[in-house]
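The block underneath contains the structure these notes are about, expressed in structure tokens.
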Amino acid sequence: MQHQPLKINTCFIQAAAFIGLLSIILGAFGAHGIKGRVTTEAFEIFETGVRYQMYHVFALLAVGILWAFSPRPNCLKWAGCLFIAGILLFSGSLYLLTYAMGTANPDLFKYGVITPIGGFCFIAAWILLIVSFIRKKA
């Protein structure tokens, strides 16, 4: 009997690796580049962006690996895409907000309204991750 390799989704695993790398770089930049140059509030906002980015890297890794076991891979695909969208919108808007606070650029504060949209993407992705493992009726 020949062993069949698991059909994991390497695209999501590669995306997780790249976004994880960015998370480490941004975390180091925050600790060594902007800490002390922005207000404590702005730094905490930046850290929240990095933290949520890294949390969802692990979710993306899970999507890529669990792909081989899901009875509903289409739901899993959407979950992965929404995790990526959530990272871009949620964490990205927090990075912009930190920059706006550091430069006192009022034009950039309007991007803060994007943050809840990113949060909604995260919530929808987690729901789809659950749904992707609900067994189909025979």
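The values are calculated or read from the model by the stated rules, or taken from the named source; none is laboratory data. Since this is a predicted model, take the numbers as computed values, not measurements. Cβ coordinates were reconstructed from backbone atoms using ideal geometry, including for glycine residues, and neighbour counts include every protein chain displayed.
At a glance:
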{"item": "Residue count, the stretch 104-115 (criterion: in a helix (DSSP H, G or I), over 19 Å from the mean Cα position of the chain (by Cα) and not aliphatic (A, V, I, L, M))", "result": "4"}
{"item": "Condition broken by Thr103, with the remaining ones in (1) in contact with a Gly (Cβ under 9 Å, 6 or more places away or on another chain); (2) modelled with pLDDT under 90; (3) hydroxyl-bearing (Ser, Thr, Tyr) satisfied", "result": "(1)"}
{"item": "Residue among Ala59, Ala68 that is touching a Leu at 6+ places or on another chain (Cβ under 8 Å), surrounded by fewer than 18 Cβ atoms within 10 Å (Cβ to Cβ) and in contact (Cβ under 8 Å) with a residue 24 or more places away in the chain", "result": "Ala68"}
{"item": "Residues (surrounded by 12 or more Cβ atoms within 10 Å (Cβ to Cβ), among the hydroxyl-bearing types (Ser, Thr, Tyr) and either over 16 Å from the mean Cα position of the chain (by Cα) or on the phi > 0 side of the Ramachandran plot (or both)) located in the stretch 40-53", "result": "none"}
{"item": "Top-ranked residue in the stretch 71-106 [being closer than 18 Å to Lys35 by Cα and among the aliphatic types (A, V, I, L, M); ranked as surrounded by the fewest Cβ atoms within 10 Å (Cβ to Cβ)]", "result": "Ala104"}
{"item": "Test: residue in the stretch 27-37 that is of a type in the set (A, V, I, L, M), at negative phi and at pLDDT 95 or above", "result": "yes"}
{"item": "Breaking point among (1) over 26 Å from Ser132 (Cβ atoms); (2) buried (at least 18 other Cβ atoms within 10 Å of the Cβ); (3) free of Cβ contacts under 8 Å to residues at least 60 places away in the same chain, for Gly33", "result": "(2)"}
{"item": "Cross-chain or 6+ apart pairs with Cβ under 8 Å, the stretch 109-120 first and surrounded by 14 or more Cβ atoms within 10 Å (Cβ to Cβ), then of a type in the set (S, T, N, Q)", "result": "Tyr111/Ser93; Gly112/Ser93; Ile114/Ser93; Thr115/Ser93; Gly118/Ser91; Gly118/Ser93"}
{"item": "Residue within the stretch 75-84 that is among the basic types (Lys, Arg) and touching a helix residue (DSSP H, G or I) at 6+ places or on another chain (Cβ under 7 Å) present", "result": "no"}
